[in-house]
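The values are calculated or read from the model by the stated rules, or taken from the named source; none is laboratory data. Since the structure is predicted, the reported quantities are computational estimates derived from the model, not experimental observations. Methodologically, a virtual Cβ is constructed for each residue, glycine included, from the backbone with ideal geometry; neighbour enumeration extends over all protein chains shown. SASA here: full protein model, heavy atoms, side chains in, ligands and nucleic acids out. Shrake-Rupley method; radii C 1.70, N 1.55, O 1.52, S 1.80 Å.
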Amino acid sequence: MARLPYADPDAAPERVRRALENVPPLNVFRMVANAETAFRPWLAFGGALLSSLELDPRVRELAILRVARLSGAEYEWVQHVPIALAVGASQEQIDAVDRGEIDDDSLGDAERAALRFTTEVVREVRASDEALAALRAAGLTPREVVELLLVIGQYMLVARVAETAGIELDEPADVLDSSRRGGRP
C-alpha cells in the first residue's frame, strides 16, 4: 500500500487530468501528479531523456538500472529492465548490473565507464577526475556526459519519490512509445 495517496484524475485540475490521459496508467505518474504544477514539466523532461538524447540508449538504460540498484528502487528496476532490453542491452549485461559487477566482460568500454561514473555520482555526488576521464576516453562527448548526469539525477529523484511515497509496483509499460507523447516512468 502506498504511503501517500495517488492523485485522483477526476479531482485533478484539467491540465493534470489531460496529462494523465496521455501517459500509461502507471502508479508513478499518479503519484507525481500530486505535484500539480511540476507534473507536466517533469513529464516533458522525462520524455526528453527517453527520446531526445545523443547518449546511447543502452548506456542510458544501464545507468538507470545502476541507479535503481544503488538506491534500492525496485519500481525503477521493474520498469526499466524491459526498456533496456528493447534498446539493445543484453540479459547478460542487465544481470551484471543486478549483481553489481560493473566491470563484467559483457559490458563495453563506454558502458563500464558510464556505470563507474554513475556509481560515483550516486554515492559521492562528484565523480572523480578518473571516472570523468574514462568516459571521455570511451568516446563520450561533453554533451553525452551532461546528458548522463541528467539521467542519473532524474532517476535518483524517481527512486526517492517511489521509495518514500511507497509507490506500488506496476507491470512494465511501453514507455518508449509514451515518451514520444511526453511520458516516462
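To keep it simple, each residue is scored yes or no on (1) aliphatic (A, V, I, L, M); (2) on the phi > 0 side of the Ramachandran plot; (3) in contact with a helix residue (DSSP H, G or I) (Cβ under 8 Å, 6 or more places away or on another chain).
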residue	(1), (2), (3)
Pro5	no, no, no
Pro13	no, no, yes
Val23	yes, no, yes
Leu26	yes, no, yes
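Taking (1) in contact (Cβ under 8 Å) with a residue 60 or more places away in the chain; (2) part of a loop (DSSP other than H, G, I, E, B) in turn, Tyr6 satisfies each apart from (1). Between a residue in segment 16-36 that is free of Cβ contacts under 8 Å to residues at least 24 places away in the same chain and any residue that is assigned to a helix (DSSP H, G or I) and of a type in the set (S, T, N, Q), which pairs come within a Cβ distance under 8 Å, given they are 6 or more apart or on different chains? Between residues of segment 16-36 that are free of Cβ contacts under 8 Å to residues at least 24 places away in the same chain and residues that are assigned to a helix (DSSP H, G or I) and of a type in the set (S, T, N, Q), there is no close pair.
Scanning segment 20-51 for residues that are farther than 15 Å from Ala173 by Cα, open to solvent by 70 Å² or more (accessible area, probe 1.4 Å) and not in a helix (DSSP H, G or I) yields one hit, Asn34.
Checking Arg123, Arg160 one by one, the residue that is part of a helix (DSSP H, G or I), within 22 Å of Leu50 (Cα to Cα) and open to solvent by 70 Å² or more (accessible area, probe 1.4 Å) is Arg160 and no other. Output the residues belonging to segment 134-152 that are part of a loop (DSSP other than H, G, I, E, B) and open to solvent by 30 Å² or more (accessible area, probe 1.4 Å). Listed by number, the residues that qualify are Ala138, Gly139, Thr141.
Restricting attention to segment 75-92, the residues that are in contact (Cβ under 8 Å) with a residue 12 or more places away in the chain, assigned to a helix (DSSP H, G or I) and out of contact with any Lys or Arg (no Cβ under 8 Å at 6 or more places or on another chain) add up to 10.
In this structure, Ser71 does satisfy being under 25 Å from Ala2 (Cα atoms), hydroxyl-bearing (Ser, Thr, Tyr) and at pLDDT 95 or above. Comparison of Arg17, Arg60 shows that the only residue that is part of a helix (DSSP H, G or I) and either surrounded by 20 or more Cβ atoms within 10 Å (Cβ to Cβ) or touching an Asp or Glu at 6+ places or on another chain (Cβ under 7 Å) (or both) is Arg60. Return yes when Ser71 is of a type outside the set (Asp, Glu), more than 14 Å from the chain's Cα centre (by Cα) and open to solvent by 10 Å² or more (accessible area, probe 1.4 Å) and no when it is not. No: the conditions fail for Ser71.
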